[in-house]
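Nothing in this text is a laboratory measurement; each read-out follows from the coordinates by a stated rule. What you see is a predicted model, and the numbers here were worked out from it, not measured in a lab. Because the Cβ atoms are built from the backbone with ideal geometry, glycine has one as well, and the counts that use them run over all protein chains shown.
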Amino acid sequence: MSETKTFSAIPMRTWRWLGVNEGLMPENITDTIKKKQILVEAGQQDQVILTNRESAQYEVQVHIADGGELHLVNVQLVSAAEPCTGRVKVYLGKGAKFSYTAVEAGASHVAAELTVDMAGDDSVSDIWALYFGDGSRKVDMNYVIRQGGKRTDANMQVRGALLGSSEKIFRGTLDFLEGTKGSVGRENEEVVLLSPAVRNRSVPIMLSHEDDVDGHHAVSVGKMDEEKLFYLMSRGLSEDGARAMLVRGFVEPVSKALPLEYAVEMNNLINLELKGSLK
């Protein structure tokens, strides 16, 4: 029996019994590694859209030079019968801006890591992520933003929906390094639980080695609003249709940043997965 390998780990370990310190490499993962490098020159603006539909180990390295701007869209739609991993590493120069929209909506077991190194003064990161777990899927995510430059601004917003017997761990870390004076950081995760059999673990972490910073983090976990559901059904929608509408509204802050074709695909996926599954 082969030893299970660690794929990713949080910067500061917590109680071992929680089982959240490390994210494991999915079993039976292919040896195929698909790598991509993205370079944004000083003062340049760019948008890159990545779509992952095949089981593989995906690795992306991003370098944004001083004053550069990048919007990276990363959509994972691997078959529900196959595992995959995704690793994104980003470096920001002085005054650089990085916008990231990520969707984890496929694979039997996905392990995803995002590391953003805000080394440059006045750099900005705006991170929006969406995950969707159904059946017996496993979703394991580890996002780390390291704020090193002065007056950096980091925003991490995550939305998720879980149903069936799916499992999810999201680790989100804001790390204020020494010297990052005048920096601000915000982290928020909102999860809707659509089945009593799901397992959700949320691990918000804030580290600070500097006094002159402003950091905020929060997690909200709840079930579907039954009053809103009843209202929509009273207006003529079926239960499946009403639930799908509420879920689409819940994930809309992320899906609105997607290109139209992917937003439509996400809506279709939500309708398909929710149909008849929440009785």
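Taking only segment 1-41 into account, find how many residues are assigned to a strand (DSSP E or B) and either among the basic types (Lys, Arg) or out of contact with any strand residue (DSSP E or B) (no Cβ under 7 Å at 6 or more places or on another chain) (or both). Within segment 1-41, residues that are assigned to a strand (DSSP E or B) and either among the basic types (Lys, Arg) or out of contact with any strand residue (DSSP E or B) (no Cβ under 7 Å at 6 or more places or on another chain) (or both) number 3. Applying the selection to segment 181-212, what residues are in a loop (DSSP other than H, G, I, E, B) and either touching a helix residue (DSSP H, G or I) at 6+ places or on another chain (Cβ under 6 Å) or over 18 Å from Ala154 (Cβ atoms) (or both)? Passing the criteria: Leu194, Ser195, Pro196, Ala197, Val198. At least 2 residues being loosely packed, with under 15 Cβ neighbours inside 10 Å is the threshold, and among the strands (runs of 3 or more DSSP E) wholly inside segment 42-89 those reaching it are 45-52. Residues in segment 244-269 that are in a helix (DSSP H, G or I), under 23 Å from Asn188 (Cα atoms) and of a type in the set (D, E, K, R): Arg248, Glu252.
The set of residues in segment 26-45 that are β-branched (Val, Ile, Thr) and either more than 21 Å from the chain's Cα centre (by Cα) or closer than 14 Å to Val90 by Cα (or both) comprises Thr30, Thr32, Ile38, Val40.
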